[in-house]
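Report on the following structure.
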Amino acid sequence: MTTRSKRLLDKKSKTSSDTKPSNFSSLDFIDTDDDDVFLDDLNSQDETPNPDDEEDNYSDSHSTPKTRRRSARLVLSSSKKNGNSESVKKTKNSTPKKNGKRKVSRISKITELSNSDEDFDDDSPRRLENPAKPYDLLITKSLASEYPDTYWKHTTLDDEDGMIQFINDKSTLEALPKHFRNDGPILGMSLSPEGTMLATFCTYGSVKIWDVTTFEELCVLRDNDEKNLDEFYVGQFNADCTKLILGGKLKDRSKWSEQEDDLHIVDCPLKVFDLSKRKVTARFEGHKEEILSIKLVKFKNEDYILTTSQDGFVIKWKVSDDWSEVLEKTLLTQSFICMAFNTAFLPNTGNKYFLCACEDGIALWDFESGKILQMFEGIFSSYCDCVKFVSLTEDAKGVDSIMKDCNGMVSYLISRGVEILDAEDNTINTKPNTVNLHKLIYPTEKGGEFMLEIVRQYRHEDYHSNSWYTKIASNGRYIAAPTFNGQVFIFNIKSGAVTGILRDHKELEVRDVIFHPTRSLLFSCGDDGVVHIYRSSEPTVDDDELMIDFDDDM
């Protein structure tokens, strides 16, 4: 039985009358003396639910391209009997057909690497029976030196024409009259490496590429040879912008699924579009369900694609220089992971390690061996669906009062996820939605463990984001966090204050946000099929001139 066959349909509405947003205007920039700002620090994180008080029942709540809503395995709280709750174990995800049982074209080698955990107990910490080799400080330093990453080549500092610097009631974002439209809901966006083009991925089977200088449509991509129905979720340009690698969902137009109340899902391939020919030139089979993220990776000067999926698998694809064939495909598996959402590579490790947002928290993988090194659990009461590393600006680093006490290398990342819903009507969170800022502390010796700490949590009484497949973004000073009711909240990283709220998506789910790395632009897209474009206005005013400093109260 696959993950998909275990889902339950839930109510069409995600919110009750108790969770309606306040009547904000479409663009609100807020003086941060706001009594509605809620802040948490490390000393106030005692809200983790007791596993003895909950049942592992699941419902579904994500928005499809149509009007119905389904969820992605949200956990419902239990009703107690005589003071004791009954627990139901999660049903494990089935394994795709292994090598030899299904022909995969143009792949010279298929490997399945499993961190086997067949006898795990849902109430106990995850036990990795076949973990990755312990962290080796010298090897990692050597890789980082030989293959330096380029994650932080763009910053908000000392660049007047660069990324958006400040967002507040004095330095507002202006919604441009020009916006991008697709044929249907837009679940994701991707900038070209130099930031000159933006690709938008639509669930109606089309991808549009836009010029971010003129804001004109450059081309529309469709797989006209596809017999099934395409829904594109994600994609990435290759380095020279000659190819666009796409993924998403594929549905059988002739077969109906009563379980899904939708067309039956078939195997979901990666598709490589040649942008000069505007057609698919390669197709890589591997995932059984929706592909949720794509990362193009250079490791030891060789090209790879790393994908995650609703089927719970992470796949590492070693590809040829021209992206025409897969030389080796490695399935990274873990029996207790039923959904894998997105990945983020650790800075300064030569792409040897990456994090994966998944059902049970955040997994730390060794990219080279394809095995899990560590698992960080209990971050959200249901699941984590987005992790991203951020390069904090110098002023934003003030959020971490104990930063100087770390002896090892430190990286910062943000995460978001979904919380358990109440058992009565399956509409209200048992915990408020939050965005987390984490500090990842690297080991200082061979065999040491990574430490993941929550530095701050960001929340607001009107920030409602209990929605499947939503991505957050940061420019190092702010976090842009979408909601399921058409809003994007702007949190100041240092103070935790909400400095702006964007409301242009007609109360429909906002799926993705992107800060442009070299221009004063912010993009947001959602189920309304529109990409809204915001530009930073003048004058640029430092938040410190406007905000109270919350550090003294924490």
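The values are calculated or read from the model by the stated rules, or taken from the named source; none is laboratory data. Just so you know, these numbers come straight off a predicted model, no measurement behind them. Counting neighbours? That spans all protein chains shown, and the Cβs are built from the backbone with ideal geometry, glycine included. Ligands, DNA and RNA are excluded from the accessible area calculation, which covers all protein heavy atoms including side chains. Shrake-Rupley method; radii C 1.70, N 1.55, O 1.52, S 1.80 Å.
Using a probe of 1.4 Å on the protein chains alone, the accessible area found for residue 302 is around 70 Å².
Of the residues 141, 133, the one with the largest accessible area comes first in the ranking 133, 141, computed with a 1.4 Å probe on protein heavy atoms. Would segment 246-322 count as rounded, prolate or oblate if I go by the C-alpha gyration tensor, calling it rounded below 1.5 in a/c and otherwise prolate when a/b exceeds b/c, oblate otherwise? Verdict is oblate for segment 246-322. Using a probe radius of 1.4 angstrom, the carbon and sulfur fraction of the accessible surface of segment 199-343 is 43%.
Could you do me a favour and compute the accessible area per residue for segment 243-337, 1.4 Å probe, result in Å²?
Computed with neighbouring chains in place, this is 34 Å² per residue.
Amide hydrogen proximity for residue 417: with H placed 1.01 Å from N in the peptide plane, the residues at 5 or more positions away or on another chain lying under 5 Å are 385, 434.
Express the C-alpha Rg of segment 256-379 as a ratio against the empirical globular expectation 2.2 N^0.38 Å, rounded to two decimals.
1.13
Provide 416, 181 ordered by accessible surface of protein heavy atoms (probe 1.4 Å), highest first. Can you show the working numbers first?
Numbers: 416 0, 181 110 Å².
So, going from the largest accessible area down, we get 181, 416.
The modelled label-to-label distance between residue 508 and residue 267, using points 7 Å beyond Cα along the C-beta direction, is 3.3 nm. In this structure the amide hydrogen of residue 471, modeled in the peptide plane, comes within under 5 Å of the amide hydrogens of 512, 513, none closer than 5 places in sequence on its chain.
So if we plug the beta-carbon distance of residue 278 and residue 211 into 1/(1 + (r/R0)^6) with R0 = 22 Å, what FRET efficiency do we get, rounded to 0.05? Write out the running numbers ahead of the final one.
Working: r = 16 Å, r/R0 = 0.73.
The computed FRET efficiency comes out at 0.85.
Per-residue packing, averaged as other Cβ atoms within 10 Å, sorts the ranges 473-480, 262-269, 360-367 into the order 473-480, 360-367, 262-269, beginning with the highest.
Let a ≥ b ≥ c be the square roots of the eigenvalues of the Cα gyration tensor of segment 332-483; is it rounded (a/c under 1.5), or, if not, prolate (a/b larger than b/c) or oblate? Note, shape of segment 332-483 comes out oblate. Here the simple spin-label model places points 7 Å from the Cα toward Cβ, and for residue 410 and residue 149 these points are separated by 1.7 nm.
Modelled this way, with points 7 Å down the Cα-to-C-beta line, the labels at residue 518 and residue 139 are 3.6 nm from one another.
Our summary gives segment 450-512 a relative contact order of 29 percent, counting only alpha carbon pairs under 8 angstrom and 6 or more residues apart.
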